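Q: Below you will find the structure I want to go over with you.
Read the figures in this text as sums done on the coordinates, not as results from a lab. Every value quoted in this text rests on a predicted model; they were computed, and no experiment measured them. A quick note on method: Cβ atoms are made from the backbone with ideal geometry, for glycine too, and the neighbour counts reach across all protein chains shown.
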Amino acid sequence: MASQSASFSPPVFNGEQYHIWVVRMKAYLRGQGLWQYVEEEKQPIQLGPNPTLNQMRLYEEEMLKAPRALSHIHSAVTDLVFTRIMACETAKEACDKLREEFMGSDTMRNMQVMNLRREFEMLRMQEVEKVKEYVDRLMSVVNKVKLLGVEMSDKMIVEKVLVSLPERFESKISSLKDSKDLSQITLIELVHALQAQEQRRLMRQEDANEGAMMATQRGKIMQGNNRRINISFKGSKTAI
């Protein structure tokens, strides 16, 4: 039971990695049915005249949700961070305070997005780089942009990958164009296709290397045999 309750505890924010914490906290509060009390400070519908006992019960439950959301936020920060929001009276006020302090102003966020977009445009796949390595680098930038509240479509990422590929993938891109409209291909489909091409190329290289090693080994064996024949021939002449 203890491990089960621990798994449902809110993520704790210690003043670092705010962008990650806020996504997790949002998901947690949604799971508790409380996010709307943070996002828009939702207020319960006022009771009409002569409410039933059930209506009164539901109203009391709704009245408790807003302070419960604030309580969850208090529980999800360290003491040092709590001092920043201890004077806030609503969950929305507390979240806005944290966002302003740890995420910066709109101007600062726009500058961060601009710098990340520039980094996204500059990324190119190196000739010796594997597909997964490049896509991981690219998605690291994309996720940072998304955490700042800016969406980047799958189509945009696919187009970026296509224009960033080195020459060794030209034949694969040509075959994809022949078989499918590239504007409709998903990122996962593209990555799988490129990795398959990469794997085939690696297997051909391994076969070529193995063939070269076998040829070298055969050459060494033949040299050894010739050396033994020469020694034997010289020995037979001496004996005569």
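Q: Computed FRET efficiency, Cβ-Cβ of H192 and Q32, R0 51 Å: what is it to the nearest 0.05?
A: Step by step, r from the Cβ atoms, then E = 0.85.
Q: Further, regarding this structure: Among L148, S105, T90, whose Cα projects farthest towards the positive end of the dipole of the range 87-153, with charges put on the beta-carbon of Lys, Arg (+1) and Asp, Glu (-1)?
A: L148
Q: Something else about it: Once you place label points 7 Å from the Cα toward the Cβ at L64 and F82, how far apart are they in nm?
A: Computed distance between label sites L64 and F82 equals 2.2 nm.
Q: Set Lys and Arg Cβ to +1 and Asp and Glu Cβ to -1, take the dipole of the range 15-80 about its Cα centre, and tell me which of L58, L47, A76 lies farthest positive.
A: Towards the positive end, the residue furthest out is L58.
Q: Continuing with the same structure: What pairs in K144/K180; K92/K144; K26/K130; K65/K97; K132/K172 have C-alpha atoms more than 28 Å from each other?
A: Cα-Cα > 28 Å for K144/K180; K26/K130; rest within.
Q: Starting from 0 in steps of 5 Å, tell me what percent of the Cα-Cα pairs of the range 2-103 lands in each bin.
A: The distribution over the range 2-103 is 2, 12, 22, 21, 17, 11, 7, 4, 3, 1, 0, given as percents.
Q: Same structure, new question: Assuming R0 = 30 Å, can you tell me the calculated FRET efficiency for the pair E167 and N115, based on Cβ-Cβ distance, to the nearest 0.05?
A: 0.50
Q: Under 5 Å between amide H atoms, partner at least 5 residues away or on a different chain: which partners does F13 have, H built in plane at 1.01 Å?
A: V77, T78
Q: In what sequence do V191, V12 fall when counting other Cβ within 10 Å, fewest first?
A: Ascending number of Cβ neighbours within 10 Å: V12, V191.
Q: Please give the charge dipole size of the range 147-199, origin at the Cα centre, charges +1 on K and R Cβ atoms and -1 on D and E Cβ atoms. Round to the nearest 20 debye.
A: It comes to approximately 40 debye.
Q: What does the charge count near F120 come to, summing +1 for each Lys or Arg and -1 for each Asp or Glu among other residues with Cβ under 12 Å from its Cβ?
A: The answer is +4.
Q: Also: Over the range 68-190, what relative contact order in percent results from Cα pairs under 8 Å that are six or more residues apart?
A: Rounded, it is 20 percent for the range 68-190.
Q: Here is a follow-up. Set the Förster distance to 25 Å, then compute FRET efficiency between R201 and L123 from the Cβ-Cβ distance, nearest 0.05.
A: 0.70
Q: What is the fewest-to-most order of I173, I20 by other Cβ atoms lying within 10 Å of their Cβ?
A: I20, I173
Q: Could you give the size of the charge dipole of the range 2-103 about its Cα centre, using +1 on the Cβ of each K and R and -1 on the Cβ of each D and E, expressed in debye and rounded to the nearest 20?
A: 280
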